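Step one of this worksheet: look at the structure below.
Read the figures in this text as sums done on the coordinates, not as results from a lab. All figures in this text were calculated on a predicted structure; none of them were measured in a lab. Cβ coordinates were reconstructed from backbone atoms using ideal geometry, including for glycine residues, and neighbour counts include every protein chain displayed.
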Amino acid sequence: MRRFGRWFRTWAAVLVAGAGVVTGEEALMVVEAHSGKVLIANNSTVKRPVASLTKIATAVLVTDWAEATGVDVAKREVVVPASVAALPGPNPMRLAPGERLSMLDALSSAVMGSDNAAALTLADHVGREFLRRKGKQGDPVAAFVGEMNHLAEALGMKKTTFRNPHGLELPDQVGVSTAADIAKLSIYAMRRPGFTFISRQKERQVTVHGASEARGFKVKNTNEMVSEDIIGLKTGTTRAAGQCLAISVERAPLIRPKADGSKGVTPRRLIVVLLNSADRFGRARAMIPKGWGVYDGWLKAGAPIENRKREILDVPNPR
């Protein structure tokens, strides 16, 4: 098993290097979500592996599909596919082929616990629905990943290519993105109440139904920063991607008087994305006051924009 682990890490590093992806320096993007104002950026448009930040797209696509089709994720069951048995990486719930759990529990484990097996199970289930509705045959996970890339395209994530629903760097499955693109995805994800509900929880009790009995499991959020103000999103780590993190920081709306005597309300939400960080939580904590400081100064100056393309991160609503 140790020999396989060393082989897998070496193979992943070779794959990433062969794809021409820069992996050496930290990438950073801090943006205010409602205005799209870019506050701090460094290496933010350089392609990199993003590990389990991939699961943000997976979870958003699942919750969007459920909302569009009227599916109750708390009641819909998903079945663990046979392909889970060959999947490396974390499988905290010890999911085995044929076991069942609710879609909500699978989403919780994938987003909060960074569970690769749960992410693959969701992709298999929803991918089958995509194929069925189109009257097609094929690989359901590939169909799901295709829709992940359609979502990325619709959000203007021009330097992003997803290769699987979990973010592992597998042979022929090296997905890449940028800090700026993940910021766009994060802004969109936090517009989705279903995703926000899951990603902001510190822990959740879930249930897996096996062949003979059900077992409980407590999923703990890998994002140790989740609090009253920090309401998501996701962590990610692989050897090639390094420490990755995306967080959403809520601030009370700014209320200001208008010339006509009414009051204007300006919502405020900070998105911080770090890729290949040496200390993702420490760096994110440092970036929060810095980001708000830049934002406050920008507002005080009248929110000027000289070059919209460079200063504003536009995130369309593909729905």
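Restriction of the GluC sites (Glu not before Pro) in segment 245-317 to DSSP coil positions whose beta-carbon has at most 10 other beta-carbons within 10 angstrom yields GLU306.
A straight Cα-to-Cα reach below 21 Å connects LYS202 with the lysines LYS55, LYS218, LYS220, LYS234, residues fewer than 8 places away in its own chain not being considered. Here the extension length gained between GLU129 and LYS263 equals 43.6 nm, from 0.36 nm per residue of separation less the Cα-Cα distance.
What percent do you get for the relative contact order of the chain when only Cα pairs under 8 Å and 6+ apart count? RCO, the chain: 24 percent. On the principal axes of its alpha carbon atoms, segment 161-319 extends 68, 35, 34 Å, with the longest extent given first.
Annotation: extensible slack from ALA252 through GLU67 equals 63.8 nm (criterion: 0.36 nm per residue apart, minus Cα-Cα distance).
Where Lys and Arg each count +1 and Asp and Glu each count -1, what net charge lies around ARG319 among other residues with Cβ under 13 Å from its Cβ? So the environment of ARG319 carries a net charge of 0. Only helical runs count toward this figure. For the chain, summing -39,500 (n - 2.57) over DSSP H runs of n ≥ 4 and dividing by all residues gives -12000 deg cm²/dmol at 222 nm. A DSSP coil position with no more than 12 other Cβ atoms inside 10 Å describes the following trypsin sites (Lys or Arg not before Pro) in segment 173-206: LYS202.
Global size of segment 22-311: 19.4, 69 Å for Rg and Dmax (C-alpha atoms, Rg to one decimal, Dmax whole). Stretching LYS300 away from ALA278 to a fully extended chain increases their span by 4.6 nm, per 0.36 nm per residue minus the current alpha-carbon distance. Computed 3J(HN,Hα) for segment 85-94, one whole-Hz value per residue from the Karplus formula 6.51 cos²θ - 1.76 cosθ + 1.60 where θ = phi - 60°, is 4, 9, 7, x, x, x, 9, x, 8, 6, glycine and proline marked x.
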